[in-house]
Amino acid sequence: MTPESIVAVAIVASMHVVGLAMLLALWRLLRGPTVPDRILALDTLFVAAIAELMLFGMHLDTPIYFEAALIIAMLGFVGTVVLSKYILRRDIVE
């Protein structure tokens, strides 16, 4: 096997593992016993989606997925901050 094919197989295998992580995070998001568990699951889902997009961009060898991952990272950060603030104060806008 050539090094390029080994890398291609590793990327596809990593995409499957990250997909499984996304399913587990989705399960925790839907079934989480407390609201903080659900917030952490949502944040984990954002991180896994970013990883999946990065791997998919590497697999297709195109930079557009890296930009999409950056946008999801910014939205995920803002969403986590807003949800955490709502949990702490029960008010988003002060």
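Scan the stretch 56-76 and give yes if some residue there is acidic (Asp, Glu) and under 24 Å from residue 9 (Cα atoms), otherwise no. Yes. Being among the acidic types (Asp, Glu) and surrounded by fewer than 17 Cβ atoms within 10 Å (Cβ to Cβ) is the filter here; which residues of the stretch 1-60 pass it? Answer for the stretch 1-60, where residues must be among the acidic types (Asp, Glu) and surrounded by fewer than 17 Cβ atoms within 10 Å (Cβ to Cβ): 4, 37. Residues in the stretch 58-94 that are in contact with a helix residue (DSSP H, G or I) (Cβ under 6 Å, 6 or more places away or on another chain) and without any contact (Cβ under 8 Å) to a residue 40 or more places away in the chain: 8 in all.
Screening the candidates 45, 55, 30, 26 for the property of being in contact with a helix residue (DSSP H, G or I) (Cβ under 9 Å, 6 or more places away or on another chain), without any contact (Cβ under 8 Å) to a residue 12 or more places away in the chain and not small (Gly, Ala, Ser) yields one hit, 30. Scanning the stretch 34-60 for residues that are over 8 Å from the mean Cα position of the chain (by Cα) and modelled with pLDDT of 90 or more yields a count of 9.
Taking the criterion of being within 21 Å of the chain's Cα centre (by Cα) and more than 12 Å from residue 55 (Cβ to Cβ), the only residue of the stretch 1-20 that qualifies is 20.
The values are calculated or read from the model by the stated rules, or taken from the named source; none is laboratory data. Since the structure is predicted, the reported quantities are computational estimates derived from the model, not experimental observations. Quick reminder, even Gly has a Cβ in these numbers, built from the backbone with ideal geometry, and neighbours come from all protein chains shown.
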